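Trainee: Below you'll find the structure I mean.
The values are calculated or read from the model by the stated rules, or taken from the named source; none is laboratory data. Computed from a predicted structure; not experimentally measured. Virtual Cβ from ideal backbone geometry, glycine too; neighbours counted across all protein chains shown. Areas reflect the complete protein model, heavy atoms only, side chains present, ligands, DNA and RNA absent. Shrake-Rupley method; radii C 1.70, N 1.55, O 1.52, S 1.80 Å.
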Amino acid sequence: MITEEQTSQAVAEILSSHKKEKKNLIPLLQEVQIRLGYLPRKAMQEIASFLEVPGVEVWGVATFYDQFRFVPLGKYHTRVCMGTACHLAGGKLILEALERELDIKVGETAEDGNFSLERVACIGCCMLAPVIVIKDKIYPKMTPFKVEETLIPYKQEPQGKLKE
Amino acid sequence: MEKLISLEIDGKEVKAREGMTVLEAAKEAGIEIPTLCYHEKLEPYGACRICSVEVERGGRTQVVASCGYPVEEGMKIKTRSERIDQIRKTIIELIAPSLSDGGVVGKVRELADEYGADTSVFMSTFKATPTRCILCGQCVRYCSEVVAANAIGFVGRGVERRVVFLPERASRFCPTCRECYEVCPTGKIAAETDGSIFPEFSIDDFLSGKM
Ligand code: SF4
Ligand code: FES
Ligand code: FES
């Protein structure tokens, strides 16, 4: 977990290299997210006071774009391809199976912080459709049935059992 | 001396001052145009399009949102016509499903009756949550432009778009203000805050997917 002090420090560093101009809002949000992996509440407040814009406006912009996250990603961030090929090959079923298995909805992070789920557009290996990516590893030709099996090592890892 | 402009609204000769909007000019002349997102204390927003009118210039007609359209010398306006009535009817029909949980009441109900809108026609294709909010933005803009509290804002996009309160600002300003209760044309805010001092739907509810 990132503490409030770490957030403030990171944000202060990022702010120091930017001018107090409203047009910097999106770049600032992006940089904070790259640095911290998500946009903590505190960071949003600090950006708002730096740019002297109302907090609601910062929230309005940040929640408008899909690229911004407000909770940290899970340790095993899982991306489900919903590109054309994967969609046609049943990507939706895979997503549903993952939501069931992980007990989270797309866009959420599990409470224990281990998994998060995201839908993405084509990841460039349509021959292997439908695909999912767990952390950096690609799992090809998925079926809802294979989802459970694929997740087992990751689910066991917190107990130190993942060998790779 | 401000420049006077003459124009014609519904066949009536009307004088307006430069910089006025068509809506304001009509109002002064006693001609009523319906609005949903317009508020006299706020900048024009042009979101609902219910104030659409026909403008004729040089033999061509165009539909414009009268709440934000400036008057021009010699323009001819029609505030009611078959085309306009059809537009307003469709707008109401599109708005209605988002009010479906508590029923189409208040201003939207009046307009639905006036324009013969079938408030259930888009019901079966409506996939979003009925939030009672028509996204007119009056509460948000009022809170920012008039009260300058900035305690309420829009978040999200498309069917996910919602009005939320920012708790850190709301706790400071809302208990003694609550002026947005009055401006909301659907009564959403008063209903959801249920008379309580502190607003119920906050940015945190939105982020945690509760709304
Ligand atoms: S809550 Fe009411 S005033 Fe605010 S945007 Fe929605 S309909 Fe308009
Ligand atoms: S559509 Fe899924 S990898 Fe291309
Ligand atoms: S009142 Fe003119 S667009 Fe809403």
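Trainee: Compute the accessible area of each residue in segment A:59-87 twice, once for its chain alone and once with every protein chain present, using a 1.4 Å probe on heavy atoms, and list those whose area falls by at least 50 Å².
Mentor: Listed in order, they are A:W59, A:T63, A:F64.
Trainee: Based only on the alpha carbon positions, what is the Kirkwood hydrodynamic radius of chain B, in angstrom?
Mentor: So the Kirkwood estimate lands at 18.7 Å.
Trainee: If you average 1/r over all unlike Cα pairs in segment A:4-64 and invert the result, what Kirkwood radius do you get in angstrom? Display every interim value, and only then the final one.
Mentor: On the way: mean 1/r = 0.0892 Å⁻¹.
This gives a value of 11.2 Å.
Trainee: Now for a different question. Normalising by the residue count of chain A, find the relative contact order in percent from Cα pairs under 8 Å and 6+ residues apart.
Mentor: Taking the mean separation of contacting Cα pairs over the length of chain A, I get 18 percent.
Trainee: I would also like to ask the following. Explain nothing, just the number: relative contact order of chain B, from Cα pairs under 8 Å at least 6 residues apart, as a whole percent.
Mentor: Contact order relative to length: 15 percent.
Trainee: Another one. Along segment A:42-52, what does the Karplus equation 6.51 cos²θ - 1.76 cosθ + 1.60 (θ = phi - 60°) give for ³J(HN,Hα), rounded to whole Hz, x for Gly and Pro?
Mentor: 4, 4, 4, 5, 5, 5, 4, 6, 4, 7, 6
Trainee: Identify the trypsin sites (Lys or Arg not before Pro) of segment A:1-85 meeting these criteria: DSSP loop state and at most 13 other C-beta atoms within 10 Å of the C-beta.
Mentor: The qualifying sites are A:K19, A:K20.
Trainee: For A:Q156 and A:A121, calculate 0.36 nm times their separation in residues minus their Cα-Cα distance, and state this gained length in nm to one decimal. Write down the numbers at each step before the final one.
Mentor: Working: separation 35, 0.36 × 35 = 12.60 nm, distance 2.87 nm.
Gain on extension, A:Q156 to A:A121, equals 9.7 nm.
Trainee: Just the Cα atoms of segment B:4-80: what Rg and Dmax do they give in Å?
Mentor: 11.3, 35
Trainee: Under 5 Å between amide H atoms, partner at least 5 residues away or on a different chain: which partners does A:V120 have, H built in plane at 1.01 Å?
Mentor: A:V80, A:C81, A:M82
Trainee: Per chain A: cysteines with no other Cys C-beta under 4.7 angstrom?
Mentor: So, A:C122, A:C125, A:C126.
Trainee: What do you get for GluC sites (Glu not before Pro) in segment B:11-68 restricted to DSSP loop and a cutoff of at most 14 other Cβ within 10 Å of the site's Cβ?
Mentor: Loop-located and lightly packed - B:E18, B:E32, B:E40.
Trainee: Across bins of 10 angstrom width beginning at 0, how are the C-alpha pair distances of the protein assembly as shown distributed, in whole percent?
Mentor: Histogramming the protein assembly as shown at 10 Å steps yields 5, 18, 22, 23, 18, 9, 4, 1, 0 percent.
Trainee: Counting only Cα atoms, I'd like the Rg/Rh figure for chain A, Kirkwood definition for Rh.
Mentor: 1.05
Trainee: Can I ask one more? If the cut-off is a Cα-Cα distance under 29 Å, which lysines reach A:K141, setting aside same-chain residues fewer than 8 apart in sequence?
Mentor: In chain and number order, the partners are A:K75, A:K92, A:K105, A:K155, A:K161, A:K163.
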